[in-house]
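Chemist: Take a look at the following structure, please.
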Amino acid sequence: MTGEGAVLLLAGLCGGMAFLLLLPVVIYPLLLGGMARLFGRRPVVPDATEPWPTVSLVVVFRNARPLLEAKQRNCLQLDYPREKLQILFCSDGSEDGGETLLTPQPGLVVLANPRHRGKIACLNEAVEMATGAILCFSDVDGLLEPEALKKLLRWFADPAVGGVCGQRVIGEQGHLHAAQSRYIDLDSAIKGWESRLGGLASSDGKLHAVRRELFRPLPEAVADDLFICLAARLLGGRFLFEPEARVRVPLPSRGDRHERLRRRRIVSSSLRGIFLCWPLLLPWRYGAFAVQLLINKVLRRLMPLFLLLLTLFTLIGTGLSALFWVGALPLLSVYAAAACHALSGGRRGKVGKLCAMAWYFCLGNLGMALGWYDYLRGSPAAKWDPIKQD
């Protein structure tokens, strides 16, 4: 191959990798937002809110003693008919005795498992004991606004709606606060646009609800919120996003190591769930939803591969043509900013925020790559042992 041919080949490869890298986080949101404005219909809130459906609110926890009293108080203060609300707290082999802080009472059930079996086993057990027509799931560190449950459940007056998820709001600061907030803002915007175009490709585990008849027992080592959403779609129900059903949560990432482990677990378990529901990826059966799922949940998780190949092709190209430095300099700047954040321990100010975002991007991609490694070698995600505090 001639030198000119090699340059053209590398330029094409770099262009392809850059496109695939930008597709889930830039191109897809822009196209989705435009299509939602042109062709989407804002879901109409059903008029009939009475009688309210019976609902079982499930909270699974492990070693969450500092959070339990606030969570119980929050659940009991929800603006929802008490006779229609069942609250189920399920301890996954907690070793801190936190379940003793909970007060069983009419409508509130405490399940204390002495053995650490994992979140999936506890969710399935709690659902077996649930009495509500609607199953609602919330994390122990998520505090619902008083009207959140009504805002969420009013959609079930529409029989075409299979599930609804709420809006998470970060309620604390941290060195990765800006980066995580922007990521959540982007994800929420995507959910809103998908909701207008027919339904979500994923749910939000901090607060989501599904019709009982659309719930299927969760297989081991899946991302429970994503699998619940996809299983409901397979059974004909669509998921919507309700931004007014707010749940206040702490920063998802409690630190750099936690972020890497969290991403690794999420990617491995979500890939397992997606491929267990693989028919949803067939566009001739599920149309635009299949494309949404492929881009938003599969290609987004392939970003580490695209980033690695783009970096490799670009650096090889710099030895052949000075034009490749146009692409190399932005890449090297991101890596340098991430290294600056890691070495400085997190600087303040605008420069510090940019460096933190670069670090969050690189750290997330490392976690995703490790998640793929776990999935491809058939290694299930480590047994759920959440980190809710620094």
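Chemist: What stretch of the chain, leaving out the sites themselves, is the longest with no trypsin sites (Lys or Arg not before Pro) in a DSSP loop having at most 11 other Cβ atoms within 10 Å?
Modeler: Values: sites that count: R41, R115, R348, R377.
My reading of the result: 116-347 is the longest stretch.
Chemist: Further question on the same structure: Calculate for the chain the 222 nm mean residue ellipticity that helices alone would give, adding -39,500 (n - 2.57) per DSSP H run of length 4 or more and normalising by residue count, nearest 500 deg cm²/dmol. Please report the intermediate quantities before stating the final value.
Modeler: Values: 13 runs with 187 residues, N = 390.
Result for the chain: -15500 deg cm²/dmol, rounded to the nearest 500.
Chemist: For volume of the Cα convex hull per residue in Å³, several values are listed as (1) 193; (2) 155; (3) 142; flag the one computed from this structure.
Modeler: Correct label, based on the coordinates given: (2).
Chemist: Could you work out the relative contact order of the chain? I mean the mean sequence separation of Cα pairs under 8 Å and 6+ apart, divided by the number of residues, in percent.
Modeler: After rounding, I find 20 percent.
Chemist: OK, next. Taking amide H positions as placed in the peptide plane 1.01 Å from N, state which residues far from R238 in sequence (5 or more) or on other chains have amide H under 5 Å from it.
Modeler: G162, G163
Chemist: Output wanted: per-residue J couplings in Hz (rounded whole) for segment 294-309, from phi through Karplus 6.51 cos²θ - 1.76 cosθ + 1.60, θ = phi - 60°, x for Gly and Pro.
Modeler: 3J(HN,Hα) across segment 294-309, in whole Hz: 4, 6, 6, 10, 9, 5, 4, 7, 8, 4, x, 5, 4, 5, 4, 5.
Chemist: If one takes the longest principal axis of the Cα atoms in the chain, at what angle in degrees, from 0 to 90 and to the nearest 10, does the Cα axis of helix 177-196 lie?
Modeler: 70 degrees
Chemist: Quick one: angle between helix 349-376 and the longest Cα principal axis of the chain, in degrees between 0 and 90, rounded to 10, please.
Modeler: Around 80 degrees separate the two axes.
Chemist: Additional query: Please list 3J(HN,Hα) in residue order for segment 151-160, calculated via the Karplus relation 6.51 cos²θ - 1.76 cosθ + 1.60 where θ = phi - 60°; whole Hz, with x for glycine and proline.
Modeler: Residue by residue, segment 151-160 yields 4, 6, 7, 4, 5, 6, 5, 8, x, 7 Hz.
Chemist: Here is a follow-up. FRET efficiency for L186 and L282, Cβ-Cβ distance as r, R0 = 22 Å, nearest 0.05?
Modeler: Values: r = 27 Å, r/R0 = 1.22.
E between L186 and L282, to the nearest 0.05, is 0.25.
Chemist: For the chain, please report how many Lys pairs fall under 24 Å Cα to Cα, leaving out neighbours fewer than 8 apart on the same chain.
Modeler: 25
Chemist: Something else about it: Scanning the chain for GluC sites (Glu not before Pro) in DSSP loops with at most 15 other Cβ atoms within 10 Å, what's the longest stretch left with none?
Modeler: That would be 221-390.
Chemist: Assuming R0 = 51 Å, can you tell me the calculated FRET efficiency for the pair V26 and R73, based on Cβ-Cβ distance, to the nearest 0.05?
Modeler: 0.75
Chemist: What do you get for the angle between helix 65-76 and the principal long axis of the chain? Use alpha-carbon atoms, 0 to 90 degrees, nearest ten.
Modeler: The two axes meet at around 60 degrees.
Chemist: Continuing with the same structure: Round to the nearest 0.05 the FRET efficiency obtained for I170 and F39 when R0 = 35 Å and r is the Cβ-Cβ distance.
Modeler: 0.65
Chemist: Accessible area per residue for the chain in Å², computed with a 1.4 Å probe and the full protein assembly in place, what is it?
Modeler: It amounts to 46 Å² per residue over the chain.
Chemist: So, one more: So, taking all protein chains as they sit and a 1.4 Å probe, how much accessible area belongs to H116, in Å² rounded to tens?
Modeler: Taking all protein chains as shown, H116 has close to 50 Å².
The values are calculated or read from the model by the stated rules, or taken from the named source; none is laboratory data. Just so it is clear, the model here is predicted, and its values are computed rather than measured. Counting neighbours? That spans all protein chains shown, and the Cβs are built from the backbone with ideal geometry, glycine included. The protein model used for the area step is the full one, side chains on, heavy atoms only, and it has no ligands, DNA or RNA in it. Shrake-Rupley method; radii C 1.70, N 1.55, O 1.52, S 1.80 Å.
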